[in-house]
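First up is the structure itself, then whatever we jot down about it.
The values are calculated or read from the model by the stated rules, or taken from the named source; none is laboratory data. Nothing here was measured: the structure is a model prediction, and the numbers come from that model. Cβ coordinates were reconstructed from backbone atoms using ideal geometry, including for glycine residues, and neighbour counts include every protein chain displayed. Ligands, DNA and RNA are excluded from the accessible area calculation, which covers all protein heavy atoms including side chains. Shrake-Rupley method; radii C 1.70, N 1.55, O 1.52, S 1.80 Å.
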Amino acid sequence: MSDWLTARENDTQACVLVTVALVEGSGPREAGAKMRVSLDGQIDTIGGGHLELRAVEIAKTMLVTGDTQARFERFALGPSLGQCCGGVVYLAFEPVDARLAAVLHALRERRQQDSWRVTALDGEPVSALFDAAGSLIAGTAAQAPDTFSRERGTHVAQDGKGRRWLVDPCLAPRAHLTLFGAGHVGAAIVRALAHLPCNVTWVDEREDMFPAQLPDNVRIAATDTPEEFVAMAPPGGSYLVMTHSHALDQRLTQAIMERMDAGWFGLIGSQTKRKQFEHRLQARGVPDERIAAMVCPIGMPGIRNKAPAVIAASVACQLLMVWEEAAAEALAAPLRLVPASAPPRRKKRAAIHPL
């Protein structure tokens, strides 16, 4: 999650949560992007430019006037806003009252679990948070839509009475990287991934190699048996091997190859190192298709600079491409919302707002 949810200022300042609810055509940010606006400034961004300036003005006006009603505004990204994206962006403005603050607090505690936030854009303020099973976690589910489409991500739904609802999936990071090696390149990669939507398990035998301060999305493992962390990674997890020892690289590579549910695997090294490892893996009976999936050398094609920061930037781009493709394939089926401690309501499907 980003600073719009986790920044300490969020707990002490009156603010408005601004969410990109829908994008038609081209826009500066995707649906689901957020920022929190207080009279003192803003945290995070919905894309910058005149759209953001106008959104900040609206949010601050709501704070000054004490407006407690959510707003849903349409912005054409044309001459009137001085932007040439050519698309249309719909923004939801939610004053962070006690109801929404409780929902956001629960969401912050659930950053490593999937959650679905549902907010009324019309009528009486309603804000609720559901888990992946459809159980109510925080807020109230009174009159909330029975179903919504997961495939659409953040979107606006409309119930049978014409009331509009912001449906905002707040999903735990799907991407997990097990990084073996705490040398210069490994440390640079950790820094490059610090603010990206992923979790990193950083493994090395040498405890003194790890920095004192770590990003929030990184967990370290100082161990004499790093191979164990190959098996501990989640199914489909990514691996990067760049230890101080070629012999250890070989053992880790063998262990990764033995996991049939392993995801993307990168091995630092040259084409010569790749050929050596290919021969050793073939001699151990590893199937050719598994060997072919091994990425070595690592990094984006065309980037030849071997400075740690350059390698890290290149590998981060490579991983983002892998993770975004995997995320697109992993979208689940529609989820039925069932409030906790309440009987199921009559089954119906909320109509998607035709914006």
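Quick look at the values:
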quantity	calculated
Residue within region 203-211 that is more than 30 Å from residue 117 (Cβ to Cβ), in a strand (DSSP E or B), out of contact with any Pro (no Cβ under 9 Å at 6 or more places or on another chain) and open to solvent by 30 Å² or more (accessible area, probe 1.4 Å) present	no
Which listed residue, of 247, 255, 312, is small (Gly, Ala, Ser), open to solvent by 50 Å² or more (accessible area, probe 1.4 Å), out of contact with any Pro (no Cβ under 8 Å at 6 or more places or on another chain) and assigned to a helix (DSSP H, G or I)	247
Test: residue in region 174-190 that is under 27 Å from residue 223 (Cα atoms), part of a loop (DSSP other than H, G, I, E, B), of a type in the set (D, E, K, R) and open to solvent by 10 Å² or more (accessible area, probe 1.4 Å)	yes
Residues within region 267-306 that are among the basic types (Lys, Arg) and either under 18 Å from residue 230 (Cα atoms) or touching a residue at least 12 places away in the same chain (Cβ under 8 Å) (or both), tallied	5
Members of region 8-47 that are among the small types (Gly, Ala, Ser), within 18 Å of the chain's Cα centre (by Cα) and modelled with pLDDT of 90 or more	21, 31, 32, 33
Set 240, 248: member being touching a strand residue (DSSP E or B) at 6+ places or on another chain (Cβ under 9 Å), within 16 Å of residue 206 (Cβ to Cβ) and not aromatic (Phe, Trp, Tyr)	248
Region 216-226 - residue that is in a loop (DSSP other than H, G, I, E, B) and buried (at least 16 other Cβ atoms within 10 Å of the Cβ) and, of those, farthest from the chain's Cα centre (by Cα)	226
Selection from region 258-271 of residues that are among the aliphatic types (A, V, I, L, M) and part of a strand (DSSP E or B)	267
Residue list for region 227-244, filter: under 20 Å from residue 319 (Cβ atoms) and assigned to a loop (DSSP other than H, G, I, E, B)	233, 234, 235, 236, 237, 242, 243
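Each row is one residue, and each column tells you yes or no for (1) under 30 Å from residue 138 (Cβ atoms); (2) modelled with pLDDT under 95.
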{"site": "240", "(1), (2)": "no, no"}
{"site": "246", "(1), (2)": "no, yes"}
{"site": "260", "(1), (2)": "no, yes"}
{"site": "289", "(1), (2)": "no, yes"}
{"site": "317", "(1), (2)": "no, no"}
{"site": "330", "(1), (2)": "yes, yes"}
